[in-house]
Amino acid sequence: MKPTINIRPATLEDAPFLAITIMEALDHPVYDESQRTDESNEILPKALKVCQSEDTMYTWKHGWIAEIDGKTVGALVAYDGTDYAERRQVTFPMFGDASEDFLEMDLETGPGEFYLDSMFVIPEYRRQGIGTALLKKGIEHATRLGIPKVTLAVDPHKPDNERLYRSVGLRTTGTFFIFGEDYHRMELATTQPMRIDILTVLPEMVEPFIHTSILARAQKRNLVEIHVHNLRDYTTDKHKRVDDYPYGGCAGMVMQCQPIDACISALMAEREYDEIIFTSPDGEQFNQPMANELSMKKNLIILCGHFKGIDWRIREHLITKEVSIGDYVLTGGELAAAVMTDAIVRIIPGSIGDEQSALSDSFQDNLLAPPVYTRPADYKGWKVPEVLLSGNEKLIRNWEMEQAVKRTKELRPDLLK
Ligand code: ADE
């Protein structure tokens, strides 16, 4: 009969087993005392200190323990990669001399990742599903925390390990250079990223934008997929035309139904869309509440208007929402789509490093943001307000709120209504 495996979070008392876990994962066999070398005997007490400490990456707080009948039989050290760089700065020096070299290594993980760092199962309990149970616990934990990806590094000389990781859904996606070798990087997405499809006749206007800064990072972190479709690829016209003269003889060209319908229909055949948005100066005014609402959707289409407009029948039959970014007329909807995409994606949790900073943006609470300052405190005699240097958290928060209300009253009293 298969034994019952219980997986529980580690406590401080588990630090000695976690120290063994990380040593074994680093190829220093220490579980079997007869295999210990002078070197491993020297490192083990340091590893123990590292596991007992709370601010290292190998802290007991990052540990999971596998037990059978109350006996510890395996462990996993796994953690949110957000503060990995800082933790590594604390951890490596605790191991002593070689630490300088270690700090030169590639960063193994970072924000948006739950990193499975080290795992060990004591030899006589292997092949009983304990490793699988620990890995699944790590993946489940990451999913519960809403971290979009689980990642790990695997020694290329350990194909059995790679096979085990594959069996729980991880896939090899590249390599990184650590411990003097190219390790395989494996990952698994815990969440389906949001998807935005932008339909345009000018993809070259949108492409660079979506591959820059926060939007690029959010896609790399698997928080969002942004696809740009050239409407000319969907036209049945042999000259690749997507527009024609308007009926009734007024000036300008109108985008035809066929390419737009073909593109939207192809996308809708693949998945359900929450909204099919058309960018237009006569649409509903885009604002922060709308960005917040749209950022919680799964799949969005944004159709960029162009020329004189689009054939009205598309608006009647396919479009679910028309959005304007302001009371002025742009040459096309591409800039509007870019503005909307930026405002929507930056507030997906994990997009920007410090989530708090998205929440404290202007407009998030119907207030404009207070002034911000950085070093130096005195620049050419231009001084930073004293209160911000006081270190008094409560006074600072009160000052920020006063400033936010004052600026909003002066500049946007309509927001306070
Ligand atoms: N297309 C042209 N002008 C626009 C605007 N102000 N908002 C959205 N789409 C547009």
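The values are calculated or read from the model by the stated rules, or taken from the named source; none is laboratory data. Given the structure is predicted, the values throughout are model-derived calculations rather than measurements. Backbone-built Cβ (ideal geometry, glycine too); neighbour counts: all protein chains shown.
Cβ-Cβ under 6 Å, sequence separation 6+ or interchain: first residue in the stretch 300-312 and more than 23 Å from Ala269 (Cβ to Cβ), partner charged (D, E, K, R) and in a strand (DSSP E or B). Which pairs?
Phe307/Asp243
Within the stretch 289-302, identify whether any single residue is closer than 30 Å to Thr191 by Cα, away from the ligand (no atom under 16 Å from the Cβ) and part of a strand (DSSP E or B), and answer yes or no. Full working, then the answer.
Of the residues in the stretch 289-302, the ones closer than 30 Å to Thr191 by Cα are 289-302.
Within this subset, residues satisfying the condition of being away from the ligand (no atom under 16 Å from the Cβ) are 289, 292-293, 295-299.
Now narrow it down to the ones that are part of a strand (DSSP E or B): 299.
Yes, the stretch 289-302 contains a residue that is closer than 30 Å to Thr191 by Cα, away from the ligand (no atom under 16 Å from the Cβ) and part of a strand (DSSP E or B).
Within the bounds of the stretch 341-351, is there any residue that is farther than 26 Å from Arg217 by Cα, surrounded by 19 or more Cβ atoms within 10 Å (Cβ to Cβ) and either in the same structural domain as Asp83 (by TED's automatic domain parsing) or more than 16 Å from the ligand (Cβ to nearest atom) (or both)? First the steps, then the outcome.
Quick first cut of the stretch 341-351, residues farther than 26 Å from Arg217 by Cα only: none.
The answer is no; no qualifying residue exists.
From Thr236, Thr191, grab the single residue that is part of a loop (DSSP other than H, G, I, E, B) and at pLDDT 95 or above.
Working: Thr191 fails: at pLDDT 95 or above.
Matching residue, one of Thr236, Thr191: Thr236.
If you check Lys394, Lys406, which single one turns out to be farther than 16 Å from Asn287 by Cβ and within 33 Å of the chain's Cα centre (by Cα)?
Details: Lys406 fails: within 33 Å of the chain's Cα centre (by Cα).
Exactly one residue qualifies, and that residue is Lys394.
With (1) farther than 19 Å from Ala19 by Cα; (2) buried (at least 16 other Cβ atoms within 10 Å of the Cβ) as the list, and Thr132 as the residue in question, which single condition is left unmet?
(2)
If Met205 satisfies every condition in (1) touching a residue at least 12 places away in the same chain (Cβ under 8 Å); (2) of a type in the set (A, V, I, L, M); (3) away from the ligand (no atom under 16 Å from the Cβ); (4) in a helix (DSSP H, G or I) but one, which is the exception?
(3)
Go through the stretch 269-279 and report how many residues are surrounded by 15 or more Cβ atoms within 10 Å (Cβ to Cβ) and either more than 14 Å from the ligand (Cβ to nearest atom) or not β-branched (Val, Ile, Thr) (or both).
Applying the first criterion (surrounded by 15 or more Cβ atoms within 10 Å (Cβ to Cβ)) to the stretch 269-279 yields 273-279.
When the remaining residues are screened for being either more than 14 Å from the ligand (Cβ to nearest atom) or not β-branched (Val, Ile, Thr) (or both), the result is 273-276, 278.
So the answer is 5.
Against the conditions (1) surrounded by fewer than 16 Cβ atoms within 10 Å (Cβ to Cβ); (2) near the ligand (Cβ under 9 Å from one of its atoms); (3) not in a strand (DSSP E or B), where does Asp282 fall short? Just the number, please.
Result: Asp282 fails condition (3) only.
Looking at the stretch 315-335, I want the residues that are near the ligand (Cβ under 9 Å from one of its atoms) and have a partner that is aliphatic (A, V, I, L, M) and not in a strand (DSSP E or B) with Cβ atoms under 6 Å, at least 6 apart or on another chain. Which pairs are those?
Ile325/Ala336; Ile325/Val339; Glu334/Leu202; Glu334/Met205; Glu334/Val206
Could you tell me whether the stretch 271-279 includes any residue that is among the acidic types (Asp, Glu) and in a helix (DSSP H, G or I)? I'd like the intermediate steps shown before the answer.
Let us first name the residues in the stretch 271-279 that are among the acidic types (Asp, Glu), namely 272, 274-275.
Now narrow it down to the ones that are in a helix (DSSP H, G or I): none.
There is no residue in the stretch 271-279 that is among the acidic types (Asp, Glu) and in a helix (DSSP H, G or I).
Identify, by number, the condition in (1) over 21 Å from the mean Cα position of the chain (by Cα); (2) surrounded by fewer than 18 Cβ atoms within 10 Å (Cβ to Cβ) that Gln364 doesn't meet.
Gln364 satisfies all of (1) over 21 Å from the mean Cα position of the chain (by Cα); (2) surrounded by fewer than 18 Cβ atoms within 10 Å (Cβ to Cβ) except (1).
In the stretch 74-86, what count of residues is obtained for those that are more than 16 Å from Ile147 (Cβ to Cβ) and either among the basic types (Lys, Arg) or in contact (Cβ under 8 Å) with a residue 60 or more places away in the chain (or both)?
Within the stretch 74-86, residues that are more than 16 Å from Ile147 (Cβ to Cβ) and either among the basic types (Lys, Arg) or in contact (Cβ under 8 Å) with a residue 60 or more places away in the chain (or both) number 2.
Which residues, counting only those in the stretch 333-346, are more than 16 Å from Thr212 (Cα to Cα) and at pLDDT below 95? Please lay out each step first, then the result.
So in the stretch 333-346, the residues more than 16 Å from Thr212 (Cα to Cα) come out as 333, 336.
None - no residue of the stretch 333-346 is more than 16 Å from Thr212 (Cα to Cα) and at pLDDT below 95, so the list stays empty.
Results for (1) within 20 Å of the chain's Cα centre (by Cα); (2) outside any loop (DSSP other than H, G, I, E, B); (3) within 24 Å of Lys220 (Cβ to Cβ); (4) at pLDDT below 90, shown as yes or no for each residue.
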| position | (1), (2), (3), (4) |
| --- | --- |
| Gln128 | no, no, no, no |
| Ala133 | no, yes, no, no |
| Thr151 | yes, yes, yes, no |
| Leu164 | no, yes, no, no |
| Thr172 | yes, yes, yes, no |
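Assigned to a helix (DSSP H, G or I) and among the small types (Gly, Ala, Ser), is that true of Ala251? Lay out the reasoning, then the answer.
On the way: assigned to a helix (DSSP H, G or I): no; among the small types (Gly, Ala, Ser): yes.
Here the answer is no, as Ala251 does not meet what is asked.
Being closer than 12 Å to Arg346 by Cβ and not in a strand (DSSP E or B) is the filter here, so list the residues in the stretch 217-229 that pass it. Walk me through it before giving the result.
Initial filter on the stretch 217-229 (closer than 12 Å to Arg346 by Cβ): 217-218, 223-224.
The answer is Arg217, Ala218, Leu223.
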